[in-house]
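Below you'll find the structure, written out as structure tokens, and then a few comments.
The values are calculated or read from the model by the stated rules, or taken from the named source; none is laboratory data. Owing to the predicted nature of the structure, the values given are computational and were not obtained by experimental measurement. Cβ atoms come from the backbone with ideal geometry, glycine included; neighbour counts cover every protein chain shown. The area values use the complete protein model at the heavy-atom level, side chains included, leaving out ligands, DNA and RNA. Shrake-Rupley method; radii C 1.70, N 1.55, O 1.52, S 1.80 Å.
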Amino acid sequence: MQRTHFRRCSVALLIAGALASGGANAQVEHEKIDGMARDIQPQVVEWRRWFHENPELGNREFNTSKRVAEILTSMGLKPKTGIAHTGVVAIIEGGKPGPLVAIRADMDGLPVTEETGLPFASKARGEFNNTETGVMHACGHDTHMAMALGAASILNSVKDELAGSVMLIFQPAEESPPPGEEGGAQLMLEQGVWKERKPEAVFGLHVGINQPGGKIAVRPGPQLAAVDSFRIIVKGKQTHGARPWNGVDPIVVASQIVLGLQTIASRQVDVTKAPSIVTVGRIIGGIRNNVIPESVEMVGTIRSFDAGMQREIHERIERTARGIASSAGAEVEITIATGYPATVNDPELLERMLPTVERVAGPGNLVDVNPQTVGEDFSFFANETPGLYLFLGNGEPGVDPETLPANHSPLFDMYEPSMEIGVRAYTNLVVDYLQGSNN
Ligand SMILES: [Zn+2]
Ligand SMILES: [Zn+2]
């Protein structure tokens with residue numbers, strides 16, 4: 001109750017201040033926003049703990065979606081639900097004319113059995129790949145939703161002052177939908193989430209990713225990798241293990257292909273342009289020590305940061321595997337599945353918003369970051385409109401992030417006071433963007 005009271009006080013002060021300093025053209029003041037973020041922090045923690053205790057897998061975020069919609073409705077917003085299965089979208093209409101910008105948070109948990117021992121630890125169970133499993137917000141998406149809701153609450157309180165509107169996107173299945181299903185950001189776009197009203201910019205953030213506690217990390221250009229997968233079947237000719245000359249040994253050919261694929265990143269593409277990775281993660285072939293099998297299957301993952309290089313790597317995988325196979329008289333069947341594109345921070349948008357990010361982070365708390373070789377489907381949104389994606393350290397400030405459980409660990413956790421930084425980041429990015437465009 002007291003929290004609500006403080007919040008109302010802040011809004012009243014803000015509006016009084018705005019009116020005193022020039023009526024309709026007054027701007028939302030940063031200090032007020034930051035004060036409101038402080039006031040709503042206990043509520044953000046409460047939301048986060050509820051989401052954390054009640055995680056659901058991708059495309060199954062039914063209760064999560066319901067809770068998000070309830071909270072948005074309680075703010076007086078009119079959320080649309082059921083987008084891309086369980087996605088929720090609401091728009092805060094600003095009181096003055098101006099552009100539309102978007103905030104995006106992801107909603108899904110992972111098939112990980114929680115081991116944190118937190119009082120609000122998840123006991124949820126689910127099914128993934130036909131296997132029963134524990135479910136956990138092991139990637140911090142619980143905090144993303146709570147922070148976005150905190151920002152929504154503040155922005156909604158000051159909406160009359162906003163020169164433009166804010167689209168709140170709560171997205172399912174970021175960790176990719178279950179096998180055989182569609183989902184996530186791509187499906188939201190396919191279902192027309194931006195068809196009627198397309199935002200001029202989209203903001204997102206992720207906790208963890210080995211960044212230092214309490215700090216914001218960002219870089220211009222590619223920040224997260226494009227993630228593709230491949231499958232190669234090497235077809236040889238079966239024979240006795242003691243008489244290899246009578247057949248074509250697919251195990252030897254597959255071994256050569258594994259090594260050949262490693263020359264793509266190291267010898268075939270321009271390493272000075274961007275890093276890339278080709279990993280063979282699984283090889284299946286053979287049954288006993290003295291039987292040369294008919295075929296071998298291998299599957300792997302490709303990480304890249306540049307769309308041109310990504311295409312080139314695909315071609316080189318084909319060429320390398322085919323060339324090696326044909327040198328041995330074997331054949332190959334190659335399938336490359338394109339996954340999430342690289343998450344690229346729009347350089348102009350970052351330049352424009354950098355003073356905001358610096359101020360929100362505080363002196364010495366904005367850090368540079370190398371491109372991260374994991375992927376994010378925020379990239380689908382950022383491919384449609386300029387995007388800005390931040391990392392926020394999940395640990396306690398001063399603790400070496402390398403010593404903490406990483407994202408997807410059954411021990412992953414968030415130092416909750418840092419969520420206030422995330423709320424301030426989302427809110428100030430929107431407010432500054434809209435005020436900037438109004439100048
Ligand atoms: Zn994740
Ligand atoms: Zn994640």
Given only helices, namely DSSP H runs of n ≥ 4 each adding -39500 (n - 2.57), what is the per-residue ellipticity at 222 nm of the chain, to the nearest 500 deg cm²/dmol? -11500 deg cm²/dmol
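Of all the accessible heavy-atom surface of the chain, with the other protein chains kept in place and a 1.4 Å probe, what percent is carbon and sulfur?
Carbon and sulfur: 51 percent of the exposed surface of the chain.
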Give the separation of the Cα centroids, the range 34-53 to the range 198-213, in Å. 18 Å
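Sorted by packing (mean other beta-carbon atoms within 10 Å per residue), highest first, where do 175-184, 37-46 land?
Packing order, densest peptide first, comes out as 37-46, 175-184.
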Among 231-238, 321-328, how do they line up from the highest to the lowest mean number of other beta-carbon atoms within 10 Å? 231-238, 321-328
Taking +1 at the Cβ of each Lys and Arg and -1 at the Cβ of each Asp and Glu, which of His141, Trp50, Thr301 sits farthest along the dipole of the chain towards its positive end, judged by Cα position relative to the Cα centre? Thr301
Quote the charge dipole size of the range 331-439 about the Cα centre in Debye, to the nearest 20; the model charges only the Cβ of Lys and Arg (+1) and of Asp and Glu (-1). 420 debye
Have a look at Pro79, Pro177, Gly395 and report the one farthest towards the positive end of the charge dipole of the chain, computed about the Cα centre with Cβ charges (Lys/Arg +1, Asp/Glu -1). Pro177
Exactly which chymotrypsin sites (Phe, Trp or Tyr not before Pro) in the range 43-124 are in a DSSP loop and have at most 16 other Cβ atoms within 10 Å? Phe120
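Tell me the relative contact order for the chain as a rounded percent, counting alpha carbon contacts under 8 Å between residues six or more apart. Walk me through the numbers on the way to the answer.
Details: 972 pairs, mean separation 95.7, N = 439.
Relative contact order comes out at 22 percent.
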Quick check: the distance between the Cα centres of the range 59-103 and the range 358-391, to the nearest angstrom? 23 Å
To the nearest 20 Debye, how big is the dipole of the range 272-333 about its Cα centre, given +1 on the beta carbon of each Lys and Arg and -1 on that of each Asp and Glu? 240 debye
Lysines whose Cα lies under 21 Å from that of Lys96, excluding same-chain neighbours fewer than 8 positions away: Lys32, Lys78, Lys159, Lys198
At 7 Å along Cα-to-Cβ for each site, give me the label-to-label distance between Trp245 and Leu189 in nm. 5.7 nm
For the range 274-406, what number results from the quotient of the Cα radius of gyration and 2.2 N^0.38 Å? 1.50
Which three extents, in whole angstrom, do the alpha-carbon atoms of the chain cover along their principal axes, largest first? 92, 44, 44
So what's the gap between the Cα centers of the range 247-291 and the range 392-439, to the nearest angstrom? 39 Å
Taking every DSSP beta bridge that has both residues in the chain, what percent is antiparallel when rounded to the nearest 5? 70 percent
Estimated dipole of the range 113-181 in Debye, rounded to 20 [Cβ of Lys and Arg +1, of Asp and Glu -1, Cα centre]: 160 debye
Using amide H atoms built in the peptide plane, which far-off residues or other-chain residues are under 5 Å from Val227 H to H? Gly339, Tyr340
Rank by packing, highest mean first: peptides 248-254, 296-302, with packing defined as the count of other Cβ atoms within 10 Å averaged across residues. 248-254, 296-302
With the dipole of the chain worked out from charges on the C-beta (+1 for Lys and Arg, -1 for Asp and Glu) around the Cα centre, which of Gly422, Val258, Gly247 lies farthest toward the positive end? Gly247
So what are the radius of gyration and Dmax for the Cα set of the range 177-283, in Å? 22.1, 68
For the range 230-247, take each phi angle, set θ = phi - 60°, evaluate the Karplus expression 6.51 cos²θ - 1.76 cosθ + 1.60, and give the result in whole Hz per residue in order, putting x for glycine and proline. 9, 9, 10, 10, 9, 9, x, 9, 5, 7, 5, x, 8, 10, x, 5, 7, x
Under the rule of at least 5 residues apart or a separate chain, name every residue whose amide H is placed under 5 Å from the amide H of Asn407. Ile209, Asn210
